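Worksheet for the structure shown next.
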Amino acid sequence: MYNYFTSEEFIEASTLLISLLSLALAIVITVRYIKFRSKSLFFWSLGLWAFTASAFEEVIFALGLYSELLIDIYLFLVAMVVELLAMGSINLIRSNRSIRLYYIYSIIADMLLFYSLYISKVGNIIENYIVYGSLPLSVVITSSIITFPAAVIIAAIAALSYKRDHNKKLLSIIAGVIVVSIAGTLYIAQFPAFLYYAEFIGILLLWIGFI
């Protein structure tokens, strides 16, 4: 039976809408960085540009275009989204030592992920127009050492900031970042299009929090 919500047309429309929303937010945060020159805004804007690039790749995949290079770039960008958002968050604290240590950790983790993608043959993991297949273990591990610590940093610093300032917009940022961070793992459900619901909800929550 035909299901529009898992159809090629729905996936294409969803990915395009998510791409445009993330592009608009990336531009807004970049303009805000240019105005205020805040390191947090700088890294948050980079994270949103990475999210936009990965979302546009999802549009390409939905159109039936695929290459191993494209999927490698996509998997790297997905990890970078969480890491860059975490870098923005960690710059809210006053510990220069902690910031430097996280920068060093991130560079090493990025190199490991790049190497694992280089030596691994991911293959075609597009099913039903979305990224759906299983990944090589080395890619899963190296991605995880980037995304898991980054997600913890984001949530912890946002929660502490909210406790200090009682800014309700931070609650939206916390929720949005968490949803965006885990969206890539949600397509393991039997309803593959749920990946795009999660990304759409995440970017809306970020809009509410940042604007």
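Every number in this text was worked out from the coordinates using simple rules, so none of it is lab data. Quantities reported herein were computed from a predicted structural model and do not represent experimental measurements. Please note: Cβ atoms are built from the backbone with ideal geometry, for glycine as well, and neighbour counts cover all protein chains shown.
Mind sorting 114, 51, 56 by how few other Cβ atoms lie within 10 Å of their own Cβ, fewest first?
Details: 114 14, 51 30, 56 19.
Exposure proxy ranking, most exposed first: 114, 56, 51.
I need the shape label for segment 1-124. Rule: rounded when a/c is under 1.5, else prolate if a/b > b/c, else oblate, with a, b, c from the alpha carbon gyration tensor.
Working: a/c = 3.08, a/b = 1.46, b/c = 2.11.
Verdict is oblate for segment 1-124.
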Distance in nm between pseudo-label sites at residue 13 and residue 95 (7 Å out along the Cβ direction from Cα)
4.8
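I need 196, 102, 162, 118 ordered by Cβ neighbour count within 10 Å, fewest first.
Numbers: 196 24, 102 20, 162 16, 118 8.
Listing 196, 102, 162, 118 from fewest to most nearby Cβ atoms yields 118, 162, 102, 196.
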Could you work out the relative contact order of segment 38-121, using alpha carbon pairs under 8 angstrom and six or more residues apart, expressed as a whole percent?
41
Hey, rough spin-label estimate for residue 148 and residue 208, points 7 angstrom out along Cα→Cβ, what's it come to in nanometres?
3.0
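If you wrap segment 107-182's Cα atoms in a convex hull and average its projection over all directions, what's the area in nm²?
Values: hull surface 25.6 nm².
Its average projected convex-hull area is 6.4 nm².
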Identify which of the listed values of Rg and Dmax of the Cα atoms in Å was calculated from the structure shown: (1) 17.0, 58; (2) 16.2, 49; (3) 19.4, 70.
(1)
Tell me the angle of helix 68-90 to the major Cα principal axis of the chain, expressed in degrees between 0 and 90 and rounded to the nearest ten.
20
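Size of the dipole of segment 8-112 about the Cα centre, Lys and Arg at +1 and Asp and Glu at -1 on the beta carbon, nothing else charged, in debye to 20? The partial results should precede the final answer.
Details: 7 positive and 9 negative charges, 238 e Å.
With Lys and Arg at +1 and Asp and Glu at -1, about 1140 debye.
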Defining a contact as two alpha carbons under 8 Å apart and six or more residues distant in sequence, what relative contact order in percent does the chain show?
22
Kindly provide the helix-only [θ] at 222 nm of the chain, computed as the sum of -39,500 (n - 2.57) over DSSP H runs of four or more divided by all residues, to the nearest 500 deg cm²/dmol?
-27000 deg cm²/dmol
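Which ordering of 154, 119 is given by a fewest-first count of other beta-carbon atoms within 10 Å?
Ranked by crowding around the Cβ, least crowded first: 119, 154.
Could you size up the charge dipole of the chain around its Cα centre, putting +1 on the beta carbon of Lys and Arg and -1 on that of Asp and Glu, and report it in debye to the nearest 20?
1420
Number of Lys-Lys pairs in segment 4-210 under 26 Å by Cα, sequence gap 8 or more or different chains?
5
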